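Some notes on the structure that comes next.
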Amino acid sequence: MPADRWFAMTRLDENRAKSQLASKARVPVAEVSNLAIWGNHSATQFPDFRNARIGGRPAPEVISDHDWLRGEFISTVQKRGAAIIEARGLSSAASAANAAIDSVRSVHFGTGPGDWTSLAVSSRGEYGIPAGLQFGFPVATTGTGWQVVEGVDHDDFAKEKIRLTTEELVQERELVKDLLPG
């Protein structure tokens with residue numbers, strides 16, 4: 001099966017991150033766009049606030065609390081699933097189901113002009129991510145195909161976060177490489 005037929009969901013994390021930004025900015029979630037989840041669905045994932053838009057403006061222009069963006073925002077998104085399980089004793093199955101529907105809708109109907117969604121896809125080496133690594137990227141879709149959005153700018157902070165989540169995924173791949181076919 002061709003690699004472009006597979007994707008893993010990072011939309012649950014995208015939805016959680018959009019909700020956090022919208023709440024902090026006191027706007028509807030629909031005002032938040034271009035939110036990418038880079039890397040792994042884990043505590044190393046990087047919800048990219050710097051390239052996100054709120055009402056068409058860069059999120060850091062709308063939310064002046066940059067310490068919150070670099071700290072609590074990221075950690076809340078990274079640990080939200082665990083927090084829900086701890087609070088409820090159950091996973092967030094309804095949120096995950098909604099995110100699955102959102103992912104399929106984005107792939108099937110396409111992303112809006114200039115917007116993207118978050119999907120973990122097989123890297124082709126974009127952004128220096130090792131080829132073949134299943135990795136969360138910003139992805140634009142047309143309804144008939146998808147592509148990783150190229151040219152997203154990263155500052156040193158983002159580069160370090162992406163490096164950490166890449167290392168984690170490479171380590172995970174190494175742990176299971178003997179289980180994978182040829």
- Task: Could you pull the accessible area for LYS18 with a 1.4 Å probe, rounded to 10 Å²?
- Result: 20
- Message: Given the -39500 (n - 2.57) contribution per DSSP H run of 4+ residues, what per-residue ellipticity at 222 nm results for the chain, rounded to the nearest 500 deg cm²/dmol?
- Response: -13000 deg cm²/dmol
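Might you tell me the accessible area per residue for the range 1-70, computed with a 1.4 Å probe and given in Å²?
Result: 48 Å² of accessible area for each residue.
With a ≥ b ≥ c taken as the square roots of the eigenvalues of the C-alpha gyration tensor of the range 92-139, please select rounded if a/c is under 1.5 and otherwise prolate if a/b is larger than b/c or oblate if it is not? Let's see the in-between values first.
Values: a/c = 2.85, a/b = 1.50, b/c = 1.90.
Oblate.
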- Rounded if a/c is under 1.5, else prolate if a/b beats b/c, else oblate: with a ≥ b ≥ c from the C-alpha gyration tensor eigenvalues square-rooted, which is the chain? rounded
- Query: Excluding same-chain residues fewer than 8 positions from LYS24, which lysines have a Cα within less than 26 Å of its Cα?
  - Reply: LYS79, LYS159, LYS161
- Task: Along Cα→Cβ, 7 Å out, is where each label goes; now give me the distance between the ones at GLU160 and ALA30 in nm to one decimal.
- Result: 3.9
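What is the range 120-182 by shape, rounded, prolate or oblate, if you read a ≥ b ≥ c off the alpha carbon gyration tensor as root eigenvalues and call it rounded for a/c under 1.5, prolate for a/b larger than b/c, and oblate otherwise?
Numbers: a/c = 2.88, a/b = 1.19, b/c = 2.41.
The shape class here is oblate.
Work out how much length SER64 to LEU180 would gain on full extension: take 0.36 nm times their residue separation and subtract the Cα-Cα distance, in nm to one decimal.
Working: separation 116, 0.36 × 116 = 41.76 nm, distance 4.62 nm.
Working it through step by step, the gained length comes to 37.1 nm.
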- Message: Please list, by residue number, everything in the range 115-138 whose backbone N is under 13 Å from a paramagnetic label point 7 Å out along Cα→Cβ of VAL170.
- Response: 128-133
- Query: Ignoring ligands, DNA and RNA, what percent of the accessible area of the range 1-47 is carbon or sulfur (1.4 Å)?
  - Reply: 53
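The values are calculated or read from the model by the stated rules, or taken from the named source; none is laboratory data. Computed from a predicted model, the values in this text were never measured in an experiment. All Cβ positions, glycine included, derive from the backbone under ideal geometry; neighbour counts span all protein chains shown. The protein model used for the area step is the full one, side chains on, heavy atoms only, and it has no ligands, DNA or RNA in it. Shrake-Rupley method; radii C 1.70, N 1.55, O 1.52, S 1.80 Å.
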